[in-house]
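Asker: Sharing a structure here in structure tokens format.
The values are calculated or read from the model by the stated rules, or taken from the named source; none is laboratory data. Predicted model, so just to flag it, every value in this text is computed and none were measured. Cβ placement follows ideal geometry from the backbone for every residue including glycine, while neighbour counts extend to all protein chains displayed.
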Amino acid sequence: MVQAVLRVAVLPEAPLDAAAAFHAGQVPAARSLLAEADSLVLVFRPASHEHRGWRLAAVQALAREAAPRRVNGVAGDDEAAIAETQAFLERAPGVTGQLLSLEDG
């Protein structure tokens with residue numbers, strides 16, 4: 001199984017602006033990676049709780065589009081936690097369309 005990872009670029013602070021920038025700049029990259037991989041993990045930087053809705057919707061939409069390939073997202077900046085979560089997702093073939101928060105609180 002080939003798992004691709006896309007580290008999402010720095011996005012605007014405002015949720016609506018961040019969503020627009022993600023869809024314009026990162027979705028094409030995600031689709032390109034999915035053409036070569038069995039699964040994709042999107043790594044988002046920490047952000048306020050207002051970003052959770054659009055991030056989850058984007059991950060779920062990409063997962064539906066890519067099925068049976070898998071798409072999941074993680075949000076955080078702890079590299080060890082990100083690596084551990086990526087390894088978990090690689091071993092969990094039934095998990096898709098999820099946004100996992102690795103942030104405190």
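Asker: I'd like the full set of residues that are in a helix (DSSP H, G or I) and either at pLDDT below 95 or not hydrophobic (A, V, I, L, M, F, W, C) (or both), limited to segment 73-99.
Answerer: 79, 84, 85, 86, 90
Asker: Condition test on residue 37, is it surrounded by 15 or more Cβ atoms within 10 Å (Cβ to Cβ), more than 12 Å from the chain's Cα centre (by Cα), modelled with pLDDT of 95 or more and under 15 Å from residue 96 (Cα atoms)?
Answerer: Numbers: surrounded by 15 or more Cβ atoms within 10 Å (Cβ to Cβ): yes; more than 12 Å from the chain's Cα centre (by Cα): yes; modelled with pLDDT of 95 or more: yes; under 15 Å from residue 96 (Cα atoms): yes.
So residue 37 fits the description; yes.
Asker: Taking only segment 23-59 into account, find how many residues are part of a loop (DSSP other than H, G, I, E, B) and within 11 Å of residue 73 (Cα to Cα). If you could, list the steps in order and put the result at the bottom.
Answerer: From segment 23-59, those part of a loop (DSSP other than H, G, I, E, B) are 26, 35-38, 45-48; that's our starting set.
Now restrict to residues that are within 11 Å of residue 73 (Cα to Cα): 45.
Matching residues across segment 23-59 total 1.
Residue by residue, here is whether (1) in contact (Cβ under 8 Å) with a residue 60 or more places away in the chain; (2) in contact with a helix residue (DSSP H, G or I) (Cβ under 8 Å, 6 or more places away or on another chain); (3) exposed (fewer than 12 other Cβ atoms within 10 Å of the Cβ) holds:
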| position | (1), (2), (3) |
| --- | --- |
| 17 | no, no, yes |
| 28 | no, no, yes |
| 32 | no, no, no |
| 43 | no, yes, no |
| 57 | no, no, no |
| 75 | no, yes, no |
| 78 | no, no, no |
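Asker: Which condition number in (1) over 12 Å from the mean Cα position of the chain (by Cα); (2) among the charged types (D, E, K, R); (3) surrounded by 13 or more Cβ atoms within 10 Å (Cβ to Cβ) is the one that residue 13 fails?
Answerer: (3)
Asker: Let me ask something else about it. Within segment 85-97, restricting attention to residues that are of a type outside the set (A, V, I, L, M, F, W, C) and surrounded by 13 or more Cβ atoms within 10 Å (Cβ to Cβ), which residue is farthest from the chain's Cα centre (by Cα)?
Answerer: Step one: list which residues in segment 85-97 are of a type outside the set (A, V, I, L, M, F, W, C), which gives 85-86, 90-91, 93-94, 96-97.
Subsequent filtering for residues that are surrounded by 13 or more Cβ atoms within 10 Å (Cβ to Cβ) retains 85-86, 90, 96-97.
Working: 85: 12, 86: 11, 90: 14, 96: 10, 97: 9 Å.
The residue in question is 90.
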